[in-house]
Structure formats: C-alpha cells, structure tokens
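Novice: Quick one: the structure is below, and I'll ask about it shortly.
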Amino acid sequence: QARPVESGGGSVQTGGSLRLSCAASGYTYPHNCLAWFRQVPGKEREGVAAMHPSGGTAAYADSVKGRFTISQDNAETTLYLQMNSLNAEDTAMYYCAWGLLAPDRCAASLDDREVVFYLWGQGTQVTVSS
C-alpha cells in the first residue's frame, strides 16, 4: 500500500513527449528525495532526475537536461517526469524511487550507487521509435 506505482509510459515517435507519473496511496515511509531512474536490459541503471522539494533542489542527468522536468503536484501526492524531445536513447524501463536524504545527497543519487532509496516502483516502459 506504500509502494509507488508508475504510469504514463508507452510508445512515441522521435521528438515526441510523454509524462510519467508516480503515486502511492496510504501510508508512505518518510521521504524527502524523489527520483527517476531508467534501465535498458544489459546496461546499468541510470539516474535520470532527482528532486528535494523541501531543499529546493533538482538535478538531472546530462543526457536529459533541458528535455526532462521532474515535478510534484500541489498536494505532493504524485511525482511526475515530463519528457520532451524524446529520442531512441530514452527507450528504457523507468522507475520512480523515494528516499530520505539531504539535498546534496539527493542530487548525488543520480551517480552514486551508495545512495539508498527506500521505496521503488515496478516501472513503466518507454519506447521511442524513429
């Protein structure tokens, strides 16, 4: 009941857009760092975007900066990833994750595998075709 659930994935053409959502009902383990990761079979998991609302920070992987935007709704019940100008390199399974981290550690989570997120969703597939 506390596990995040992703939605919004699908198939789009190059240059298209998608908005992924991540939400959970009921009790959630305390968290202040919200992040999106993605993974392609045979490759390492890649940090995509992370935000720390109370710290007023957000971070993005270089590969998506300027194209993707991480955000929350006003009620802070749903996490979003707006993805624009999609290309084939964005094809992956996308996962949301929640953690309890300081702002700097939240930003560093994109690259540091030692940063621990307590809750993970099961993923939503994004496929970008030419």
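Novice: State the Kirkwood hydrodynamic radius of the chain in Å, one decimal place, computed from all pairs of distinct Cα atoms.
Specialist: On the way: mean 1/r = 0.0688 Å⁻¹.
The Cα-based Kirkwood calculation yields 14.5 Å.
Novice: Once neighbouring chains are kept in place and the probe is 1.4 Å, which whole percent of the accessible area of the chain is contributed by carbon and sulfur?
Specialist: Numbers: 3240 of 6840 Å².
That fraction is 47 percent.
Novice: Can you tell me, using C-alpha contacts under 8 Å and at least 6 residues apart, the relative contact order of the chain as a whole percent?
Specialist: Numbers: 326 pairs, mean separation 46.7, N = 130.
Relative contact order for the chain comes out at 36 percent.
Novice: Okay, moving on. Using only the alpha carbons of region 57-130, what is the convex hull's orientation-averaged projected area in square nanometres? The partial results should precede the final answer.
Specialist: On the way: hull surface 22.5 nm².
Averaging across all directions leaves 5.6 nm² for the Cα convex hull.
Novice: Also, quick follow-up: So, with +1 on the Cβ of K and R and -1 on the Cβ of D and E, and no other charges, what is the size of the charge dipole of the chain about its Cα centre, to the nearest 20 debye? It would help to have the intermediate numbers written out before the result.
Specialist: Numbers: 9 positive and 12 negative charges, 39 e Å.
That gives the chain a dipole magnitude of about 180 debye.
Novice: Taking N as the number of residues in region 1-64, what value does Rg over Cα atoms divided by 2.2 N^0.38 Å take? Display every interim value, and only then the final one.
Specialist: Details: Rg = 13.9 Å, N = 64, 2.2 N^0.38 = 10.7 Å.
Scaled against compact globular proteins, the figure is 1.30.
The values are calculated or read from the model by the stated rules, or taken from the named source; none is laboratory data. Keep in mind that this is a model prediction, so the values were computed, not measured. Every residue, glycine among them, receives a Cβ derived from its backbone with ideal geometry; neighbour counts consider all protein chains shown. Accessible surface is based on the protein model in full, side chains and every heavy atom, while ligands, DNA and RNA are left aside. Shrake-Rupley method; radii C 1.70, N 1.55, O 1.52, S 1.80 Å.
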